[in-house]
Amino acid sequence: MVKNFPGNFLWGSATSSYQVEGGVENNDWAEAGRQGKVPVAGRACDHYNLYEKDFDVVKELGQNAHRLSIEWSRIEPEEGKFDEKEIEHYRKVLQALRDRGIEPFVTLWHFTLPNWFAKKGGFENPKAPEIFARYCGFVVRRLAEGDMAKFWITINEPMVYASMGYLKGKWPPFSKNFFRFLKVIKTLISSHLASYNIIKKINPELQVGIAKNNIDFDSTRFNPLGRLVQVFRSIFWNHYFLKKAFGHQDFIGLNYYFHKHFGYKFYEQKSDMGWVIYPKAIFHLLKELKKYNLPIYITENGLADAKDTKREKFIKDHLTWAYKAMEEGVDLRGYFYWSLLDNFEWADGFGPRFGLVEVDYKTMERKIRPSAWEYKKICETNSLEI
Ligand code: FCB
């Protein structure tokens, strides 16, 4: 059976600055890396220098969109001092996408803080919304002109950031404090609202949203307690931020990785990182987002699979369920596989291999994985044959 996607559907893959660029020294992750608390990204994929080659690959793979992020610590290395050279760099990056007919989705903040901002308390600082919005305003004023980039994501996965950095203590600033966790979520909400307002003031036509990690909190029908717990989890993790941002989003970006069943359940399929593979969850999550009445883009979905034995089926199965959600009225407009390249997977370093393209970190050589050619067929024909 062939499933045809709507004509203007966006097909792409995603990356983020610290995970792929290399040479970032001035943010909280690089600092924590120097202190031995987390792995160091170092040269990463050297994408800062190799972006044109990488975008040639994006084009070769038939993708018509690409999600990337701007490294705040490059743009504003000292508080209030903006680096024109770095803006120029990202202008070239966006131009390189445009030249290849690829629509950019630009994330303004993907987890990493400039050192000066981290030292001021980062998103615990009550002034954070103002500081963040000033940065966003600067970037958008410089980079959104002349139709260079229409889609902007202010914040990537606010709940994941707050939970890893302030509750689980695994990411900078390594805190395990519920009150700090809540405070950061609150400030991230205000930061999104402030940056949304600034961007829309610069150009109301720009499409602004967040990339939201939502989890499919599941349980058996016959466990009323389990169901109740899962409903509360979903209200908090999946919907709290989105509700607070209501009226200040032009689209919803959904990042889907996790399905959590209440109580024990056996899953045969897992990724290299032990993450359960459960494609139907994407259908549940998309249906849940329908009530916001906004266009939806899947801004991340992918798996660590070094041998590339599961990736093709993973992509096809998730797209099959996403298509079903569209048949049931969900306004889904694009899909970005995470990630274009193998890259620096935060506290897990360079071990996990998420890429459509394999990277040899010694030689920086790229090798397109077989699953990427299969994904290309989908992107180019705008249809999925199953
Ligand atoms: C998401 C992050 C992304 C990447 C994937 C695997 O939570 O947004 O940077 O690390 O997980």
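The values are calculated or read from the model by the stated rules, or taken from the named source; none is laboratory data. Computed from a predicted structure; not experimentally measured. FYI the Cβ positions are ideal-geometry reconstructions off the backbone, even for glycines, and counts take in every protein chain you see. Surface areas here come from the heavy atoms of the whole protein model, side chains and all, with no ligands, DNA or RNA. Shrake-Rupley method; radii C 1.70, N 1.55, O 1.52, S 1.80 Å.
Remarks
- Here the simple spin-label model places points 7 Å from the Cα toward Cβ, and for Glu374 and Lys59 these points are separated by 2.7 nm.
- Distance from the alpha carbon centroid of the stretch 309-386 to that of the stretch 22-72 works out to 18 angstrom.
- With all protein chains in place and a 1.4 Å probe, the accessible surface of the chain carries 53 percent carbon and sulfur.
- Here the sum of -39500 (n - 2.57) over DSSP H runs of 4 or more residues, divided by the residues of the chain, equals -12000 deg cm²/dmol at 222 nm, to the nearest 500.
- Of all DSSP beta bridges confined to the chain, the antiparallel ones make up roughly 20%.
- Under the span-like rule (Cα at least 18 Å along the axis, Kyte-Doolittle mean at least -1.0), DSSP H helices of the chain: 128-143, 178-202, 311-327
- Each of Phe258, Asn214, Tyr240 was scored by the projection of its Cα onto the charge dipole of the stretch 196-262, and the greatest displacement toward the positive side belongs to Tyr240; charges sit on the C-beta of Lys, Arg, Asp and Glu.
- Global form of the stretch 46-173, assessed from the alpha-carbon gyration tensor, a/c cut-off 1.5: prolate
- Estimated Rh, the stretch 2-385: Kirkwood, alpha-carbon pairs, angstrom: 21.0 Å
- C-alpha center-to-center spacing [the stretch 148-194, the stretch 82-118] in angstrom: 20 Å
- Per residue accessible area of the chain, 1.4 Å probe, in Å²: 41 Å²
- Residue pairs exceeding 28 angstrom between C-alpha atoms, taken from Lys170/Lys324; Lys127/Lys170; Lys243/Lys265; Lys37/Lys92; Lys53/Lys260: Lys170/Lys324; Lys243/Lys265; Lys37/Lys92; Lys53/Lys260.
- Given +1 at the Cβ of Lys and Arg, -1 at the Cβ of Asp and Glu and no other charges, the dipole of the stretch 29-147 around its Cα centre is 260 debye to the nearest 20.
- Nitroxide proxy distance, nm - points 7 Å out along Cα→Cβ at Lys120 and Asp272: 3.9 nm
- Dipole magnitude for the chain: computed about the Cα centre from +1 point charges on Lys and Arg Cβ and -1 point charges on Asp and Glu Cβ, it is near 1320 debye.
- The stretch 144-292: proportion of alpha-carbon pairs further apart than 24 angstrom, %: 42 percent
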